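Q: The structure follows.
Nothing in this text is a laboratory measurement; each read-out follows from the coordinates by a stated rule. All of these numbers come straight from a predicted model, not from anything done at the bench. Positions of Cβ are generated from backbone atoms using ideal geometry, with glycine treated the same way; all protein chains shown enter the neighbour counts.
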């Protein structure tokens, strides 16, 4: 499958197709996209390299096969129905999808403020580290993220107000 074909499919429902941001997946070495077809169209899509299965999608939510060769596998919960034994070795996490709409905040004591990475990278780093037990980016990593082509300052926000 061509990368451009996959990206068009991915854009229809990013959180369903990939557990991580697509640019992060493509930044790994040796990533390839495999797809299988049947009479009804695309049946499965798999994005992987030698050690990691980054994405597995099946139109019918069938259980993935031949996954023992990977050190790490990322799955959407819909693909796990036949993988009960994997649950004892798994970690769950969520991914947010931004629709472009302004966030609705009921309490008017709160204000949405854009993070100023040039001045608040350290604060953003500390905040992220408090929110995730296994994600502790340095101030320099946050600055690096802000230089990535997919970075959008309108998506980095503080909700400021009385608690």
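Q: Can you give me the distance in nm between label points at residue 50 and residue 160, each placed 7 Å from the Cα along the Cα-to-Cβ direction?
A: 5.0
Q: How much length, in nm to one decimal, is gained on full extension between residue 13 and residue 130, taken as 0.36 nm per residue of separation minus their Cα-Cα distance?
A: Numbers: separation 117, 0.36 × 117 = 42.12 nm, distance 2.92 nm.
That works out to 39.2 nm of additional length.
Q: Let me ask another. Given 0.36 nm per residue, what is the gain on full extension from residue 39 to residue 151 after removing their alpha carbon distance, in nm?
A: Values: separation 112, 0.36 × 112 = 40.32 nm, distance 3.92 nm.
Result for the pair: 36.4 nm of gain on full extension.
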